[in-house]
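Contents: one structure, followed by commentary.
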Amino acid sequence: MVLPVRVRYRSRMSIAKELAKTDRRIFVTADTHFCHTQALEIFSRPFGTADEMDAALIARINETVGPKDILVHLGDFMVKGGGRGWDEDDLRRAERLRGAIQCKRIILVRGNHDPSGEKRFDALFESVEDIVSGRGIAGVDERIVMFHYPIDQWQGRPNGGFHLHGHVHGFGERLARRFDVGIDAVANAMRPRLLVDLVAELRKDAPSGFTRIS
């Protein structure tokens, strides 16, 4: 079943501006890799099967994020089965998983495992973006750049901006004010993070500026 949750805000404002305007709580996560049996071994996830993993991750999302909150998922929502395209079974699995998450407003920042141009998949989310970048998000004065992949020189870095990403599953190099929000990063305890609390932690590090490459 396709959920009637997609609301198109682009006609009146960008997603970043909407996130700056809203008074809803905003959470961030990434790299759930639903249905990905190999993730159990590759990322040392403590579950016996992919179904057990999916149920546990969805339970943790629902315990953390309320139905009226906003969840920004920074990519790799689900990993499809074999073959090149997304078939009917893949799409039904994605719909079932999305239907089990109580949060009505999920914004997906597309990752490498998320299909491109698959309208039925995109319809599961309020919006599907390649990147979200703006000032004022969740009331944060500095720019926040949200992208699936880690960026070394992100917009706003010299001025204290923050960069949130996924993709590296907790194995990325640490940079001041850059953070892996994926569920496999130990600090996240396999749960979404409340954006304002995460930024407060990252703000303890001074801006790092640009790094000159010789």
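Sub-6 Å Cβ pairs linking a first residue in the range 77-99 that is among the charged types (D, E, K, R) and modelled with pLDDT under 95 to a second residue that is in a strand (DSSP E or B) and surrounded by fewer than 19 Cβ atoms within 10 Å (Cβ to Cβ), at least 6 apart or interchain, number zero.
In the range 57-69, the condition of being modelled with pLDDT of 95 or more and touching an Asp or Glu at 6+ places or on another chain (Cβ under 8 Å) is met by no residue. For the residues R93, R98, the requirement of being surrounded by 20 or more Cβ atoms within 10 Å (Cβ to Cβ), outside any strand (DSSP E or B) and among the charged types (D, E, K, R) singles out R98.
Residue count for the range 66-90 under the criterion of being part of a loop (DSSP other than H, G, I, E, B), among the hydrophobic types (A, V, I, L, M, F, W, C) and farther than 15 Å from T32 by Cα: the result is 1. Tell me whether the range 156-167 contains one or more residues that are among the polar types (S, T, N, Q), in a helix (DSSP H, G or I), surrounded by fewer than 21 Cβ atoms within 10 Å (Cβ to Cβ) and over 15 Å from the mean Cα position of the chain (by Cα). Yes, the conditions are met somewhere in the range 156-167. When E118, E142 are checked against the criterion of being surrounded by fewer than 20 Cβ atoms within 10 Å (Cβ to Cβ), acidic (D, E) and within 16 Å of L202 (Cα to Cα), E142 stands alone in meeting it. Considering only the range 114-135, I want to know if a residue exists there that is in contact (Cβ under 8 Å) with a residue 60 or more places away in the chain, farther than 30 Å from E88 by Cα and in a loop (DSSP other than H, G, I, E, B). No, the conditions are met nowhere in the range 114-135.
Can you pull out every residue in the range 27-53 that is over 19 Å from G170 (Cα atoms) and either surrounded by fewer than 14 Cβ atoms within 10 Å (Cβ to Cβ) or in contact with a strand residue (DSSP E or B) (Cβ under 7 Å, 6 or more places away or on another chain) (or both)? Those that are over 19 Å from G170 (Cα atoms) and either surrounded by fewer than 14 Cβ atoms within 10 Å (Cβ to Cβ) or in contact with a strand residue (DSSP E or B) (Cβ under 7 Å, 6 or more places away or on another chain) (or both): C35, G48, T49, D51, E52. If you check I107 against the conditions, is it of a type in the set (A, V, I, L, M, F, W, C) and assigned to a strand (DSSP E or B)? So I107 passes the test. Scanning the range 47-76 for residues that are without any contact (Cβ under 8 Å) to a residue 12 or more places away in the chain and in contact with a helix residue (DSSP H, G or I) (Cβ under 6 Å, 6 or more places away or on another chain) yields a single hit, F47. Once the range 168-209 is narrowed to residues that are part of a strand (DSSP E or B) and not hydrophobic (A, V, I, L, M, F, W, C), the residue that is nearest to D76 (Cα to Cα) is G182.
The values are calculated or read from the model by the stated rules, or taken from the named source; none is laboratory data. Just so you know, these numbers come straight off a predicted model, no measurement behind them. Using ideal geometry, Cβ is built from the backbone for each residue, glycine included, and neighbour counts are taken over all protein chains shown.
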